[in-house]
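Before we start, here is the structure in question, set down as structure tokens.
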Amino acid sequence: MQIEALYRYPVKSMLGEEIDGAQVGEQGLLGDRAYALVDEETGKVASAKHPRRWSALFACRAEYLAEPQAGAGPAPARMTLPDGESVDTDDPRVHEVLSRTFGHAVRLENRPPDGAVYESYTPRLVGIPDPESDTVHDSPVGIVAPGTFFDAAPLHVVTSATLAHLAELAPASSFPAARFRPNIVVTVDNETGFVENEWVGHSLALGPEVSASVFLPAPRCVMTTLAQADLPRDLGVLQTIARNNRFDIPGLGPSSCVGVYALIATSGAVRRGDAVAIS
């Protein structure tokens with residue numbers, strides 16, 4: 001196994017950047033989800049998990065202007081907005097420009113407010129009973145990584161085998177890694193199916209320096225179905241996952257999962273092409 005691709009998302013729920021390498025610490029890839037928008041009216045963190053309110057986030061892209069450095073403040077990033085305008089995270093006009101883009105007052109933050117929550121919409125899926133279907137509910141930010149904008153964990157890994165298996169299950173849909181916003185895509189040879197399901201409870205060696213403890217299958221949400229870049233909206237993506245890879249997650253109940261969440265055990269550098277091992 002080896003690292004096929006690395007992704008970092010400077011601003012929560014905006015499209016991010018594919019990178020060749022990164023430093024990895026307790027909070028995952030350095031610079032990942034360093035910023036987020038906060039709704040001035042509600043104080044809630046903006047998330048594309050509530051697409052009726054925040055669908056424009058997936059029409060924005062954020063990329064770093066300088067490589068983030070350990071021990072330094074958040075590096076400046078450039079956000080390209082739906083109309084093609086761009087604004088930098090350190091621009092004095094940033095709150096004004098973003099508020100105009102989203103149609104209501106927001107501010108860009110680099111640390112979540114105390115007790116921060118985001119809103120999440122649960123779509124109705126055919127044949128999948130869920131008491132929260134077609135509802136919006138609040139979820140806390142940084143459950144496993146306090147003081148961050150991560151929903152659940154600082155590292156999300158998915159395998160090429162899982163993406164290929166989903167494509168076989170539903171040829172009419174498209175399952176590129178971008179649908180799932182992983183940090184690391186691992187190429188797996190000679191294995192098929194949802195390979196990383198078996199990694200939960202094990203340790204991953206990511207290159208010669210980094211190790212991570214896999215602790216949970218990654219529950220999927222409405223974000224996997226949203227249009228982004230050249231990908232169309234497709235509810236069939238989540239429907240396929242729900243029919244074929246569903247687990248009972250403590251605190252969440254039955255959840256449709258793709259990929260796994262992990263905690264960083266050993267910090268260091270990772271690069272595209274690094275070997276990956278499970279133990």
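Please count how many residues of segment 213-244 are outside any strand (DSSP E or B), buried (at least 16 other Cβ atoms within 10 Å of the Cβ) and without any contact (Cβ under 8 Å) to a residue 60 or more places away in the chain.
Counting residues in segment 213-244 that are outside any strand (DSSP E or B), buried (at least 16 other Cβ atoms within 10 Å of the Cβ) and without any contact (Cβ under 8 Å) to a residue 60 or more places away in the chain gives 2.
Residue by residue through segment 26-40, note down the ones that are modelled with pLDDT under 95 and over 17 Å from R181 (Cα atoms).
Across segment 26-40, the qualifying residue is only E26.
If you don't mind, another one. Across segment 28-72, what is the number of residues that are within 21 Å of V136 (Cβ to Cβ), more than 14 Å from the chain's Cα centre (by Cα) and of a type in the set (A, V, I, L, M)?
5
Mind counting the residues in segment 42-52 that are surrounded by fewer than 20 Cβ atoms within 10 Å (Cβ to Cβ) and within 14 Å of L98 (Cβ to Cβ)?
0
Name the single residue, out of those in segment 179-213 being within 19 Å of the chain's Cα centre (by Cα) and among the small types (G, A, S), that is nearest to Q2 (Cα to Cα).
By that ranking, first place goes to A212.
To continue, here is another question. Read through the list (1) at pLDDT 95 or above; (2) part of a loop (DSSP other than H, G, I, E, B); (3) farther than 21 Å from Q27 by Cβ, then give the number of the only condition that P182 fails.
(3)
Moving on to the next point. Which residue pairs have Cβ atoms under 8 Å apart, sit 6 or more places apart or on different chains, and have a first residue in segment 181-196 that is touching a residue at least 40 places away in the same chain (Cβ under 8 Å) and a second that is of a type in the set (F, W, Y) and surrounded by 19 or more Cβ atoms within 10 Å (Cβ to Cβ)?
R181/Y7; R181/Y9; P182/Y7; N183/Y7; I184/Y7; V185/Y7
Test of understanding: among D274, D248, D234, D230, which residue is under 20 Å from A152 (Cα atoms) and of a type in the set (D, E, K, R)?
That would be D248, the only listed residue that is under 20 Å from A152 (Cα atoms) and of a type in the set (D, E, K, R).
Matching residues to (1) at pLDDT below 95; (2) closer than 26 Å to V222 by Cβ; (3) part of a strand (DSSP E or B):
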site: L6; (1), (2), (3): no, yes, yes
site: P74; (1), (2), (3): yes, no, no
site: V97; (1), (2), (3): no, no, no
site: H104; (1), (2), (3): yes, yes, no
site: R107; (1), (2), (3): no, yes, yes
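Would you confirm, using the coordinates I've provided, whether P113 is in a loop (DSSP other than H, G, I, E, B), touching a helix residue (DSSP H, G or I) at 6+ places or on another chain (Cβ under 7 Å) and either under 16 Å from L252 (Cα atoms) or not β-branched (V, I, T) (or both)? Outline the logic, then answer.
Values: in a loop (DSSP other than H, G, I, E, B): yes; touching a helix residue (DSSP H, G or I) at 6+ places or on another chain (Cβ under 7 Å): no; either under 16 Å from L252 (Cα atoms) or not β-branched (V, I, T) (or both): yes.
Against the criterion (in a loop (DSSP other than H, G, I, E, B), touching a helix residue (DSSP H, G or I) at 6+ places or on another chain (Cβ under 7 Å) and either under 16 Å from L252 (Cα atoms) or not β-branched (V, I, T) (or both)), P113 does not qualify.
Same structure, new question: Starting from segment 256-279, keep only residues that are over 21 Å from E18 (Cα atoms), then list their pairs with residues that are part of a loop (DSSP other than H, G, I, E, B) whose Cβ atoms are within a distance under 6 Å, requiring at least 6 positions of separation or different chains.
Here the result reads S256/R220; C257/N245; I278/H202, each pair linking segment 256-279 to a residue that is part of a loop (DSSP other than H, G, I, E, B).
Could I ask something else about it? Would you be able to tell me the number of residues in segment 150-192 that are of a type in the set (D, E, K, R), surrounded by 18 or more Cβ atoms within 10 Å (Cβ to Cβ) and touching a helix residue (DSSP H, G or I) at 6+ places or on another chain (Cβ under 8 Å)?
Applying the first criterion (of a type in the set (D, E, K, R)) to segment 150-192 yields 151, 168, 179, 181, 189, 191.
Checking which are surrounded by 18 or more Cβ atoms within 10 Å (Cβ to Cβ) leaves us with 151, 179, 181.
After this cut, where a residue has to be touching a helix residue (DSSP H, G or I) at 6+ places or on another chain (Cβ under 8 Å) as well, the list is 179, 181.
Matching residues across segment 150-192 total 2.
Go through segment 114-143 and report how many residues are surrounded by 12 or more Cβ atoms within 10 Å (Cβ to Cβ), out of contact with any strand residue (DSSP E or B) (no Cβ under 7 Å at 6 or more places or on another chain) and hydrophobic (A, V, I, L, M, F, W, C).
Selection size over segment 114-143: 3.
If you don't mind, there's one more thing I want to ask. Count, please, the residues in segment 22-46 that happen to be outside any strand (DSSP E or B) and either over 30 Å from L206 (Cα atoms) or touching a helix residue (DSSP H, G or I) at 6+ places or on another chain (Cβ under 6 Å) (or both).
First pass over segment 22-46, keeping only residues outside any strand (DSSP E or B): 26-27, 30-34, 40-44, 46.
Pick out the ones that are also either over 30 Å from L206 (Cα atoms) or touching a helix residue (DSSP H, G or I) at 6+ places or on another chain (Cβ under 6 Å) (or both) and you get 40-44, 46.
Of the residues in segment 22-46, 6 are outside any strand (DSSP E or B) and either over 30 Å from L206 (Cα atoms) or touching a helix residue (DSSP H, G or I) at 6+ places or on another chain (Cβ under 6 Å) (or both).
Here's another thing I want to ask about it. Report, by residue number, each residue of segment 140-179 that is touching a residue at least 40 places away in the same chain (Cβ under 8 Å) and either hydroxyl-bearing (S, T, Y) or assigned to a strand (DSSP E or B) (or both).
Passing the criteria: T148, L155, H156, V157, V158, T159, S160, T162, S173, S174.
Counting just the residues of segment 83-113 that are of a type in the set (D, E) and either over 19 Å from F149 (Cβ atoms) or in contact (Cβ under 8 Å) with a residue 40 or more places away in the chain (or both), which one comes out surrounded by the most Cβ atoms within 10 Å (Cβ to Cβ)?
Here the residue is E109.
The values are calculated or read from the model by the stated rules, or taken from the named source; none is laboratory data. Because the structure is predicted, anything quoted here is derived from the model rather than measured. When we count neighbours, we look across all protein chains shown, and the Cβ atoms used for this are built from the backbone with ideal geometry, even at glycine.
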